[in-house]
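Heads up: the structure comes next, in structure tokens.
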Amino acid sequence: MRRRKGLPIHGWINLDKPVGPTSTQAIGRVRRITGAARVGHAGTLDPLASGVLPIALGEATKTVPYIQDARKIYRFTVRWGEATSTDDREGEVIASSASRPTGADIDTIIPRFTGSISQAPPAFSAIKVAGERAYDLARAGTPADLAERLIDIHRLTLVSQDDADHSVFEVETGKGAYVRSLARDMGIVLGTLGHVSALRRLAVGQFRVEKAFPLDFDAHPSDIAGLTEHVLPIETVLDDIPALALTADEAQRLRCGQTVGLFTHHHRDWLAELIAEGRDGGIILALWQGKAIAMVRIDSAEAQPVRVFNYEP
């Protein structure tokens, strides 16, 4: 089998992406600085947006699905009175309104945008339509008619009114929610228009912006020291998954793709607790000396490997 070029670095980097670069450019930057053989990310950020961009290195890329469904928190500014082609400040203004909402007006409509709501994604989004990205169709002048879908808004707060034209919000969302669509739709309900003029992601699951590494995209990669010191363990994104502690022999069996029988007194107590909590039948994190070895599924008192991490913990 052909070996990947690069260093065997495994774990997560909580990156603070600045405004300007794309998420793909951020990945390339991290790869050049760390020399990691494999790099991925969880949760795309538009060039306009800054803030938390979780970067997975090496075997941690296998855990990306476990963070993609995590809640996200954003601080964003809505520019009232203008609709743009992209629903943010990067697009061209396509309509305008003289109406401006007051803080009291906004407070009255916030409940309509909290909870489980229907939302149509922006025309300029990465959603695939018949095999093509929606933003490619929009740029070609044939924007797709994207169907509404249910998304979850767990919290929406008006933070401040900077002036008549701008309002600052904080929102906590579930998977698939678009802040740009939220700004657009709030403007319509308020009898005006609106688009996102500033956006900063404050959190993705347990990744928080106050602990994120601020990466300088203007500096030469060789001048950026300390990034590899900020690599977090693979199991960082798996802290809410039940964990099974293994012996060295059991860990080696899983690494070889073999099942592990859970018949010891320790294992029986662990299984009984798992069943009592109603968490049996799902994915379990197998650990050896506190390090992630594999994702397993429990069946008939056996741990069956679902995804094995190929690295030396």
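The values are calculated or read from the model by the stated rules, or taken from the named source; none is laboratory data. This structure is a prediction, so every number in the text was calculated from the model and none was measured. As a convention, Cβ positions derive from the backbone with ideal geometry for all residues, glycine included, and neighbour counts pool all protein chains shown. Ligands, DNA and RNA are stripped out before the accessible areas are found, and what is left, the full protein with its side chains, is counted by its heavy atoms. Shrake-Rupley method; radii C 1.70, N 1.55, O 1.52, S 1.80 Å.
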Residue order for THR114, THR192, THR236 - accessible surface, 1.4 angstrom probe, largest first = THR114, THR236, THR192
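Dividing the convex hull volume of the alpha carbon atoms of region 214-313 by its residue count, what do you get in Å³ per residue?
On the way: hull volume 12.4 nm³, N = 100.
Spread over its residues, the Cα hull of region 214-313 gives 124 Å³ apiece.
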note = In nm, the gap between the two label points placed 7 Å beyond Cα toward Cβ at ASP299 and GLN252 is 2.6
task = Using R₀ = 25 Å, calculate the FRET efficiency as 1/(1 + (r/R₀)^6) where r is the Cβ-Cβ separation of ILE117 and LYS211; round to 0.05.
result = 0.25
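Size of the dipole of the chain about the Cα centre, Lys and Arg at +1 and Asp and Glu at -1 on the beta carbon, nothing else charged, in debye to 20?
On the way: 36 positive and 39 negative charges, 210 e Å.
Rounded to the nearest 20 debye, it is 1000 debye.
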message = Using square roots of five times the C-alpha gyration tensor eigenvalues, list the equivalent-ellipsoid semi-axes of the chain in whole Å, biggest first.
response = 41, 24, 18
task = Choose one answer from HIS265, HIS166, HIS41: the residue with the largest mean-square fluctuation in a GNM of the chain with alpha-carbon springs under 10 Å.
result = HIS265
task = Check each of the trypsin sites (Lys or Arg not before Pro) in region 4-65 and keep only those in coil by DSSP with at most 15 other C-beta atoms within 10 angstrom; list them in order.
result = ARG4, LYS5
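Between ALA98 and GLU229, what length comes free when the chain is fully extended (0.36 nm per residue of separation minus the Cα-Cα distance, one decimal in nm)?
Numbers: separation 131, 0.36 × 131 = 47.16 nm, distance 5.15 nm.
Gain on extension, ALA98 to GLU229, equals 42.0 nm.
Quote the FRET efficiency, to the nearest 0.05, computed for HIS265 versus GLU312 with a Förster distance R0 of 30 Å and r equal to the Cβ-Cβ distance.
Numbers: r = 30 Å, r/R0 = 1.00.
Efficiency, rounded to the nearest 0.05: 0.50.
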ask   = For LYS211, LYS17, what's the largest-to-smallest order of accessible area, 1.4 Å probe?
value = LYS211, LYS17
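What is region 155-196 by shape, rounded, prolate or oblate, if you read a ≥ b ≥ c off the alpha carbon gyration tensor as root eigenvalues and call it rounded for a/c under 1.5, prolate for a/b larger than b/c, and oblate otherwise? Kindly include the intermediate steps, with their values, before the conclusion.
Details: a/c = 2.33, a/b = 1.31, b/c = 1.78.
Oblate, since a/c reaches 1.5 and b/c is not below a/b.
Work out the FRET efficiency for GLN25 and ILE275 from their Cβ-Cβ distance, taking R0 = 51 Å, and round it to the nearest 0.05. Could you put the intermediate results ahead of the total?
Working: r = 47 Å, r/R0 = 0.92.
With R0 = 51 Å, the Cβ-Cβ based efficiency is 0.60.
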